[in-house]
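Q: Dropping a structure here in structure tokens format, bear with me for questions.
Every number here is computed from the coordinates shown, using simple stated rules; none is lab data. Since this is a predicted model, take the numbers as computed values, not measurements. FYI the Cβ positions are ideal-geometry reconstructions off the backbone, even for glycines, and counts take in every protein chain you see.
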Amino acid sequence: MTSWDYRYPHIPILITMKPTPRILLGKRLFWTEKRDGSNVAIWIKTDPYNKKEYVQISSRNMVEAVSDIQALVRRTEEYSEILKILEEYPEFVIYVEACRKGRSITGIELYEKDFLIIFDIYNRSSKKFLHYINTHQHGFHHDIPVVGLWAETRHTSMKDLLKWRNYALKHCKAVGLEGMVIKWYGVPKNADYFQEFKKGLVQAKVKLDIPEPKRRKIAKGEVILPPIPDNEIFGAIDKAWQELGDEGFKDVSKAMPLIARCVSEECKNHLYSKSTKKLFALYKEYVERMLNIEGVASKNE
């Protein structure tokens, strides 16, 4: 089996995340440690035949992890405490990094013993991930380590967000850790296009560390989005032409309202602000260039 229902979602690199990293602007972000181990899920599974429940240990891609990983998980001190959490909350899927004594997988960290560290908990009843604070509380009360929180921020521009990415990378280099995971606990408006967002967690990775926030920046004001570029506008105009056809498209009273709506949808879907140029001028340019029609009447004629 290469995939399963509660497989942990892929975490994209910040700058290349889809649909765009601007989805994180204006949101409260939690920068958490990315520890270097094996991604494992521990949860309660019900046998479909006899309806008995048992503990399932799953790897990143397999519902039943290989025996070596299962043995590693079971011999840690944290495993028995995780079972206590699952006994109280059988609806939880607890995601941990299973870290083996010695040099870590990437060689970045050196571990003195085998151990588990929680990085997320998914609630199957609510179909949402628990907030970092709630996850941390469960770990704290059972003496199970949870990935550390380095910073909590809010940004209104990509320039500011990337500045903090640089702070994070500099810190990671200084302390010798792998990286950081940026988490926003929410469901974006375009979640229908990205099913994993419906679970209430949007993530991106850079590099990381420290258990308590050392810096905070909660910027006030409106989010600053870049204006929609001309190529996106022409794409929206082309959509309007496809819907209206040549004759309908030449009718300004029909074309312009549809173009405005198409451009507005592009701005919403790709997180752009409105154009600094007049749409009618770009409409005229499209008509003259693509349809070979000159002298399109103005909107007021």
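Q: Cut-off 10 angstrom, C-alpha nodes, Gaussian network model of the chain. Which of Gly186, Gly148, Gly221 fluctuates the most?
A: Gly221
Q: Among all the aspartates and glutamates, which ones have a C-alpha under 12 Å from Lys84's C-alpha, if same-chain residues fewer than 8 places away are not counted?
A: In chain and number order, the partners are Asp143.
Q: Where in the stretch 3-42 does the amide nitrogen come within less than 20 Å of the point 7 Å from the Cα of Met62, taken along Cα to Cβ?
A: The answer is 3-10, 37-42.
Q: Once you charge only the Cβ atoms, +1 for Lys and Arg and -1 for Asp and Glu, what is the size of the charge dipole of the chain about its Cα centre, to the nearest 20 debye?
A: The dipole magnitude comes to about 840 debye.
Q: Check which residues have an amide H placed less than 5 Å from Ala151's amide H, if you skip close sequence neighbours.
A: Trp31
Q: Within the stretch 244-282, which residues have the backbone N less than 20 Å from the label spot 7 Å out from Val223 along Cα→beta-carbon, could you tell me?
A: 262-276
Q: Turning to a different aspect of this structure: As a test of the formula, what do you get for the chain when each DSSP H run with n ≥ 4 contributes -39,500 (n - 2.57) and the sum is divided by the residue count, at 222 nm and rounded to the nearest 500 deg cm²/dmol?
A: -10500 deg cm²/dmol
Q: Follow-up. Once you have the Cα-Cα distance between Lys159 and Lys254, take 0.36 nm times their residue separation minus that, and quote the gain in nm to one decimal.
A: Length difference between fully extended and current span is 30.3 nm.
Q: Which whole-percent values make up P(r) of the stretch 230-290 when all C-alpha to C-alpha distances are grouped in 10 Å steps starting at zero?
A: 24, 60, 16, 0
Q: For each pair in Lys101/Lys127; Lys18/Lys198; Lys113/Lys183; Lys170/Lys198; Lys27/Lys278; Lys34/Lys268, compute the distance between the two Cα atoms and list the pairs where it is over 23 Å.
A: Lys101/Lys127; Lys113/Lys183; Lys170/Lys198; Lys27/Lys278; Lys34/Lys268
Q: Translational D (Stokes-Einstein, µm²/s) of the chain at 4 °C and 1.567 mPa s when Rh comes from the Kirkwood sum over C-alpha pairs?
A: For the chosen part, D equals 58 µm²/s.
Q: Now a separate question. About its Cα centre, what dipole magnitude does the stretch 36-146 give when the only charges are +1 on Lys and Arg Cβ and -1 on Asp and Glu Cβ, stated in debye to the nearest 20?
A: Here the stretch 36-146 has a charge dipole of around 320 debye.
Q: First measure r as the distance between the Cβ atoms of Lys51 and His10, then evaluate 1/(1 + (r/R0)^6) with R0 = 41 Å and state the FRET efficiency to the nearest 0.05.
A: The value I calculate is 0.80.
Q: Largest first and to the nearest Å, give the Cα extent of the stretch 36-146 along each principal axis.
A: Extents along the principal axes, in whole Å: 41, 32, 22.
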